[in-house]
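Participant: This is the structure I have questions about; it appears just below.
The values are calculated or read from the model by the stated rules, or taken from the named source; none is laboratory data. The structure displayed is predicted, hence computed values, not measured ones. Positions of Cβ are generated from backbone atoms using ideal geometry, with glycine treated the same way; all protein chains shown enter the neighbour counts. Calculation scope for accessible area: heavy atoms of the full protein, side chains included, ligands and nucleic acids excluded. Shrake-Rupley method; radii C 1.70, N 1.55, O 1.52, S 1.80 Å.
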Amino acid sequence: MLIRILGSGAGGGFPQWNCNCRNCSEVRRTNHPSFKVLTQSSVAASIDGTDWMLLNATPDLRQQIMAAPALAPANGHLRASPVKVVVLTNGDIDHIGGLLTLRESQPFTIYATERVLDVLRSNSVFDILAPHIVDRIPLELDTPTKLMDHGKDLGCTVEAFDVKGKIALYLEDQSAGPTFGTQVGDTIGLKVSDPKTGTAFFYIPGCADVDEPLRQRLKGAPLVFFDGTLYTDDEMIRQGLLDKCGSRMGHISMSGPDGSVSAFNELGVKRKIYVHINNSNPVLNADSQERGAVEAAGWEIGYDGMEVQL
Ligand code: MLT
Ligand code: MN
Ligand code: ZN
């Protein structure tokens, strides 16, 4: 299986258009060699190197496709795309905005939970992906689903599972108490498997807690891409960027006793790569002490164009 990180930044990317935090201003001003510019969070995967799935579709998708030779239309076809399937993990803008880039009467298939398909259904702008051209298939949780595009088998399965998280930011119901109206299916993780080789990887760009069911699921996994939004829960508040902590945004932090570094310590995951990294996160600076700490714990910092073969 071939996997390419199209973008490893969180919503807004790095640098974010309106942000002058230390990281953003540093990378914008100096093109500092210790930083990598990041587009928003998405991964592409393929069994055969010809047909590809996208895990989330970001507002940066056009740029991400242009940077990935394997995603260009194959020679000899006037209109075509190797992108056959898009799987969505939630309804936030950074994960669905790129669907609008995929207009142009190109057939493909969208997989998402009914909760996220509801978001597409209730926003008529997505009807530009006309139902007779672009299939929308509901993902059942905890059930391996064979990925198909208009009768074509992509040769792999995806299993969606609920993770602790939050309803999309623009759908938060302030009257619904501390959950803001979050329901099962609003935020999922994905296990992508190649049944021929038996390999699999996990893609979990948004997750508020590594709870016991998730621990059991991830134990011994060969490869996990995981939510690396923040280093500390209150870093956006401390930097004066936003009056919200990570847990309020549905994102676990890397550090601390309840953080992801600690949670993964005993899981025996062979390769663990942070994605969906927010521009406020000090690990974006390759020279930082925080970067050293997560790397010492066996983590890699995902970057745009990073490729992994399983
Ligand atoms: C998030 O991951 O919290 C979202 O991308 C926030 C947003 O939509 O801006
Ligand atoms: Mn996001
Ligand atoms: Zn910033």
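Participant: Residues of segment 269-280 being open to solvent by less than 50 Å² (accessible area, probe 1.4 Å), assigned to a loop (DSSP other than H, G, I, E, B) and more than 16 Å from ligand 2 (Cβ to nearest atom), which ones?
Facilitator: V269
Participant: Here is a list of conditions, (1) more than 27 Å from F161 (Cβ to Cβ); (2) open to solvent by 50 Å² or more (accessible area, probe 1.4 Å), and D48 meets all of them except one; can you say which number that is?
Facilitator: So the condition that D48 fails would be (1).
Participant: On to the next question. Of the conditions (1) farther than 29 Å from S253 by Cα; (2) in contact with a Lys or Arg (Cβ under 9 Å, 6 or more places away or on another chain); (3) touching a residue at least 40 places away in the same chain (Cβ under 8 Å), L102 satisfies every one except a single condition; which number is it?
Facilitator: For L102, the exception is condition (2).
Participant: Next question. Restricting the first residue to segment 31-47 and requiring it to be farther than 10 Å from Y303 by Cβ, which pairs with a second residue that is within 14 Å of ligand 2 (Cβ to nearest atom) and of a type in the set (F, W, Y) meet a Cβ separation below 6 Å and a spacing of at least six or different chains?
Facilitator: V43/Y203
Participant: Anything in segment 208-233 that is part of a loop (DSSP other than H, G, I, E, B) and within 22 Å of L38 (Cβ to Cβ)? List them, or say none.
Facilitator: A208, L223, G228, T229, Y231, T232, D233
Participant: Shifting gears a bit: Out of the residues in segment 1-34 that are open to solvent by less than 50 Å² (accessible area, probe 1.4 Å) and in a strand (DSSP E or B), state the one that is nearest to ligand 2 (Cβ to nearest atom).
Facilitator: Ranking the qualifying residues of segment 1-34, first place goes to G9.
Participant: Is it the case that T199 is of a type in the set (S, T, Y) and more than 29 Å from C21 (Cα to Cα)?
Facilitator: Against the criterion (of a type in the set (S, T, Y) and more than 29 Å from C21 (Cα to Cα)), T199 qualifies.
Participant: Taking helices (runs of 4 or more DSSP H) that do not extend beyond segment 58-144, which have at least 2 residues that are over 15 Å from the mean Cα position of the chain (by Cα) and surrounded by fewer than 19 Cβ atoms within 10 Å (Cβ to Cβ)?
Facilitator: The helices (runs of 4 or more DSSP H) meeting that bar are 61-66, 114-121.
Participant: Specify which of the listed residues (P195, P213, P205) is closer than 20 Å to A57 by Cβ and at pLDDT 95 or above.
Facilitator: P205
Participant: Would you confirm whether any residue within segment 4-16 is within 16 Å of ligand 1 (Cβ to nearest atom) and more than 16 Å from V275 (Cβ to Cβ)?
Facilitator: Checking segment 4-16: at least one residue is within 16 Å of ligand 1 (Cβ to nearest atom) and more than 16 Å from V275 (Cβ to Cβ).
Participant: For segment 234-256, enumerate the residues that are closer than 11 Å to S280 by Cα and open to solvent by 50 Å² or more (accessible area, probe 1.4 Å).
Facilitator: Across segment 234-256, the qualifying residues are D234, I237, R238, Q239, G240, L241, L242.
Participant: Quick check, is Y231 aromatic (F, W, Y), closer than 30 Å to Q174 by Cα and open to solvent by 10 Å² or more (accessible area, probe 1.4 Å)?
Facilitator: The answer is yes for Y231.
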